[in-house]
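So that we are looking at the same thing, I have put the structure below in structure tokens.
No lab work stands behind these numbers, since they all come straight from the coordinates. Everything quoted here is computed from the prediction, not taken from an experiment. Glycine also receives a Cβ, built like all others from the backbone with ideal geometry; neighbour counts cover every protein chain displayed.
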Amino acid sequence: MKKFWIILSLISIYSLQIQAQDTITYKIPRLRLGIEAGVNYFFGTINKPNMIRESRSYYYTSGNQSSADNDYYGGFISQSSSFAAYSFGLKLEYVLHKRVAISSGLRFSFYKATLFSDRNYFLWKISETETSSNYIKIKNLSQKNYYLAIPLEVRFFFTERDFFARFYLIAGNSFNFLIASSDHVEFQNPKMEKYNSTVKQHIGRTNLFYGSFYLGIGLKLGKVNYPFGNIEFFCPIVNLAKHRANAFVYLDAIPAMGIRTTLNIPMVRKHQLTYTVID
């Protein structure tokens with residue numbers, strides 16, 4: 001009987017040693033600073049300003065088009081457009097749980113949209129009377145918009161252990177506020193620069209605010225106790241309301257997509273999350 005208890009005690013001690021070997025305790029900083037950069041691709045429909053002359057002149061006859069008529073016809077046939085919005089920002093991420101983290105901060109974004117003719121120029125009406133209309137030739141028009149955004153994001157990691165490479169899901173929304181906008185006009189004839197301010201007055205304005213919601217998947221590379229990187233792919237990116245992205249493009253219902261990279265720096269190491277994982 002005594003031998004039985006001795007053997008049982010040895011088995012128990014051995015089992016506890018095995019469990020101890022398979023038990024890993026993590027201490028990770030709850031707070032980290034993120035420095036991010038990314039690009040989103042949007043799709044839309046051309047919003048042609050009313051000042052563009054698009055239809056053929058009545059001087060045009062089938063099989064015969066005069067040189068004078070060429071001056072009156074600045075074809076503009078593009079019906080769709082896409083543009084890239086570039087962004088960079090700073091954010092703070094807080095670890096709620098071994099698999100869940102939330103983050104927010106400030107994100108600066110900007111993009112440029114340009115109108116081109118299907119020829120060397122298009123015609124832009126600068127004035128009109130009861131008997132005549134005056135046009136100038138424009139090679140292209142462009143508008144740059146700059147936004148400051150407040151994003152709010154949640155990340156859910158697939159695994160509890162802090163592997164060097166670790167996948168996660170991400171969901172977020174962004175509130176974007178227009179802080180600056182600029183227009184540029186390139187004339188066919190440099191002498192027409194005197195109409196620059198007139199054309200800019202005709203160009204429409206974009207919305208001062210828009211919101212978006214997005215889903216994606218990310219990959220963490222590195223250990224969370226040290227500076228590490230993230231790479232994230234987003235699709236879909238859905239605008240919360242249909243809006244004019246700029247003076248020339250209305251966003252379509254087609255979801256946007258994007259990619260972002262982030263450098264994360266652990267902060268406040270005394271404020272740590274401690275948890276245990278048993279394999």
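Per 0.36 nm of contour for each residue apart, how much would the distance between Phe175 and Leu221 grow if the chain were fully extended, relative to their Cα-Cα spacing?
Details: separation 46, 0.36 × 46 = 16.56 nm, distance 2.82 nm.
Gain in length upon complete extension: 13.7 nm.
For a quick check: with amide H placed at 1.01 Å from N, whose amide H comes under 5 Å from Gln188's, ignoring anything fewer than 5 positions away on the same chain?
Lys137, Ile138, Lys139
Per residue of the range 139-152, in order, report the coupling 6.51 cos²θ - 1.76 cosθ + 1.60 (Karplus, θ = phi - 60°) as ³J(HN,Hα) in whole Hz, putting x for Gly and Pro.
Computed from phi, the couplings for the range 139-152 are 6, 6, 10, 9, 9, 10, 10, 10, 10, 10, 10, 10, x, 9 Hz.
What is the dipole size for the range 119-200, taken about its Cα centre, with +1 at each Lys and Arg Cβ and -1 at each Asp and Glu Cβ, in debye to the nearest 20?
Values: 11 positive and 8 negative charges, 63 e Å.
Taking the Cα centre of the range 119-200 as origin, the dipole is about 300 debye.
If you count, for each residue, the other Cβ atoms within 10 Å and average over each peptide, how do 160-167, 97-104 line up from highest to lowest?
Values: 160-167: 13.2, 97-104: 16.1.
The most tightly packed comes first, giving 97-104, 160-167.
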